[in-house]
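The values are calculated or read from the model by the stated rules, or taken from the named source; none is laboratory data. What you see is a predicted model; the values in this text were computed from it and never measured. Positions of Cβ are backbone-derived with ideal geometry, glycine not excepted, and every protein chain shown enters the neighbour counts. Calculation scope for accessible area: heavy atoms of the full protein, side chains included, ligands and nucleic acids excluded. Shrake-Rupley method; radii C 1.70, N 1.55, O 1.52, S 1.80 Å.
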Amino acid sequence: MDLLAGHDWSHFAGAAPTGSGVRISPLDRWITATEGARLQPNPPVNLAGPHLEVSGDVQVDFTGAVNGAYLQLYAKPPVIYDEWRQERPSLRVGIVGGKLEAAVWDGKSTKAVETKKLGSGLSGEVAVSVRRSGGTITVLANGKSLGTVGEHGVFSAGTLWFGADGSWTLKSLSASGSVRAVDAPGWHQAPSSNSLRAKASALPRPIGIGAAIASGPLVEDAAYRAIAGREFNALTPENDMKPQFVQPTRGVFAFAEADLLVDFARANGMAVHAHTLVWFEALPTWMRSASDKKTVLIDHIKAVAGHFAGRVAEWDVVNEPINEDNSDGLEHNLWYQAMGKDYITQAFKAARQADPHAVLYLNEYGAEPDGGRWDALYKLVKELKVNGVPIDGVGLQNHEYEKGDRTPPETFRKHVKALAALGLKVRISEMDVVSGGDDTTQAREFAGKLAVCRDEPNCTTFGMWGFTDRYGSTANTDVTPPQPGDALPWTANLTPKKAYTSMANELK
Ligand code: 9MR
């Protein structure tokens, strides 16, 4: 079965279909630490393309592999966070120095559990085959068997997704045996008149109801996908638009995963709230060390906001610029160090130019209660407005990680109103509530903030940071597989919690 012709390889980061196959270009994409160190390689997976359903023994054959070429077969796409990539079982085969390198991940560690360098003297374009027979994988080059590696759950999970890396052209790719090829699902999901989005749209003043969404789960997990499309009319890419993902190498842009989220949103009539152009985290290593920061910042905004112009409704232009402990109230991050506070003004101007129709937000955490963070935020956005900087609104994240983060709705309302007086819109941008086992309090917190958003005319959207604990950002990722958190309205089994019902009630 031919897996190239008639299948989608055009929405695969770093890849471009050509007359002679799929051209793979290296992205050098990494998961980076907050301080910039490279933690894990993050090669792309063809999420929009074909994957296999495997029910027994199978052989995958491909041609075109040259030195440095890799093809990777994943039991499931990895779940990708900013500082962590959850590897599922996978097999990577590649040509390195005349040998065929086979590496196997077992889904329990970020490192390969088995790596073998097999054969010798391989040169030019090599035809590679991977043959699964029960618990053994045999690898072949140019039709000759070179050796075996363990199966480690790669094939037994029942699905296989394709990824690639290096600089080469994948000239053919086929599979045979007990397999079936499956293409990306239709993005449109069945609506429901009972959903949060239906209720939010039927309010006297309709509001947006949104969630942060991750591309891997969206394509691989049908139940997650169904809820995302059914319940929400706004979508924020959780991580896929951050600089380390979209500009992994200077001047090399990789939009496939983010484009997929935009396509999903558009197919389901959801507004895209894009996140984020300027932050001090989730940056590729090169961006931190570049000496011409201003050029880097402006070029990034032009390219990224330009790419999505017309397809996204809003942007978080500047994320988390506040640090109340500094006398000017600002975080002295890498952009500030290079440009002073002018980086904020420059960023908004560049974003407005690149996408004149997008509504432009500054997004901040910890400014829901009274105190230094709110004071510093208010001072900053007032100054931006007075100076005619093109800022349209403020995102108040509303993360409630600890009991102390629970702000009375009336205090929060006061801040929403204060921003309205400056002519600014507000969105609740990233709400989650770590419950500590207390579902009732969690439900009350979600409902209280939603009610404020419903009632304050300048509050446009109530957004949560994910919707299910299955992939939530408060998961404990120190263990593999990660231990789900308990901060979102759907459990890890995708059952709605009290928080869901309490929100539905506020929207009646
Ligand atoms: O959900 C995001 C998670 O996957 C990342 O590892 C984390 C750290 O960079 O960022 C999370 O999203 C953050 C968002 O981009 C900005 N506000 C705080 C969010 C939650 O930490």
Note to self: For region 390-424, which positions are part of a loop (DSSP other than H, G, I, E, B), crowded, with 24+ Cβ neighbours inside 10 Å and aliphatic (A, V, I, L, M)?
What the structure shows: Ile391
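I'd like to check which helices (runs of 4 or more DSSP H) are fully inside region 169-243 and have at least 3 residues that are under 25 Å from Thr276 (Cα atoms).
Output list reads 215-220, 222-231.
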Next item on the list: Give region 1-42 a look and list any residue that's of a type outside the set (A, V, I, L, M), under 17 Å from Val219 (Cα atoms) and touching a helix residue (DSSP H, G or I) at 6+ places or on another chain (Cβ under 8 Å), or say none.
Entry: His11, Phe12
Check: For Asp299, are the conditions met, namely being out of contact with any strand residue (DSSP E or B) (no Cβ under 6 Å at 6 or more places or on another chain), more than 30 Å from His188 (Cβ to Cβ), more than 13 Å from the ligand (Cβ to nearest atom) and assigned to a loop (DSSP other than H, G, I, E, B)?
Finding: no
Notebook entry, point to check: In region 43-86, how many residues are more than 16 Å from the ligand (Cβ to nearest atom) and in contact with a helix residue (DSSP H, G or I) (Cβ under 9 Å, 6 or more places away or on another chain)?
Noted result: 7
Next item on the list: Starting from region 451-468, take each residue that is at pLDDT 95 or above and list its partners that are charged (D, E, K, R), counting only C-beta distances under 6 angstrom and pairs at least six apart or across chains.
Entry: Ala451/Glu506; Val452/Arg413; Asn458/Lys425; Thr460/Lys425; Thr460/Arg427; Thr461/Arg427; Trp465/Glu430; Trp465/Asp432
Checklist line | Residue among Ser120, Ser109 that is open to solvent by 30 Å² or more (accessible area, probe 1.4 Å), part of a loop (DSSP other than H, G, I, E, B) and touching a strand residue (DSSP E or B) at 6+ places or on another chain (Cβ under 9 Å) | finding: Ser120
Note to self: For region 238-249, check the following and say yes or no: at least one residue is surrounded by fewer than 22 Cβ atoms within 10 Å (Cβ to Cβ), over 15 Å from the mean Cα position of the chain (by Cα), at pLDDT 95 or above and farther than 21 Å from Phe12 by Cα.
What the structure shows: no
Item checked: Every residue from region 187-211 that is surrounded by fewer than 23 Cβ atoms within 10 Å (Cβ to Cβ) and out of contact with any helix residue (DSSP H, G or I) (no Cβ under 7 Å at 6 or more places or on another chain) -> Ser193, Asn194, Ala198, Ser201, Ala202, Pro204, Arg205
Margin query: Being surrounded by fewer than 15 Cβ atoms within 10 Å (Cβ to Cβ), modelled with pLDDT of 95 or more, more than 16 Å from the ligand (Cβ to nearest atom) and closer than 28 Å to Thr18 by Cα narrows it down to one residue among Asp165, Asp183; which is it?
Written below: Asp183
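Sort out which residues of region 261-296 are more than 16 Å from the ligand (Cβ to nearest atom), assigned to a helix (DSSP H, G or I) and not small (Gly, Ala, Ser), and write them in order of number.
Residues of region 261-296 more than 16 Å from the ligand (Cβ to nearest atom): 262-271, 286, 289-296.
Cutting the leftovers down to assigned to a helix (DSSP H, G or I) gives us 262-267, 286, 289, 293-296.
Selection gives Val262, Asp263, Phe264, Arg266, Trp286, Lys293, Lys294, Thr295, Val296.
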Notebook entry, point to check: Just one of Glu314, Glu324 is crowded, with 16+ Cβ neighbours inside 10 Å and within 16 Å of the ligand (Cβ to nearest atom); which is it?
Noted result: Glu314
Notebook entry, point to check: Within the bounds of region 59-79, is there any residue that is at pLDDT below 95, outside any strand (DSSP E or B), within 17 Å of Glu151 (Cα to Cα) and under 20 Å from the mean Cα position of the chain (by Cα)?
Noted result: no
Notebook entry, point to check: Any idea how many residues of region 425-439 are away from the ligand (no atom under 12 Å from the Cβ), assigned to a strand (DSSP E or B) and more than 20 Å from Tyr378 (Cβ to Cβ)?
Noted result: 1
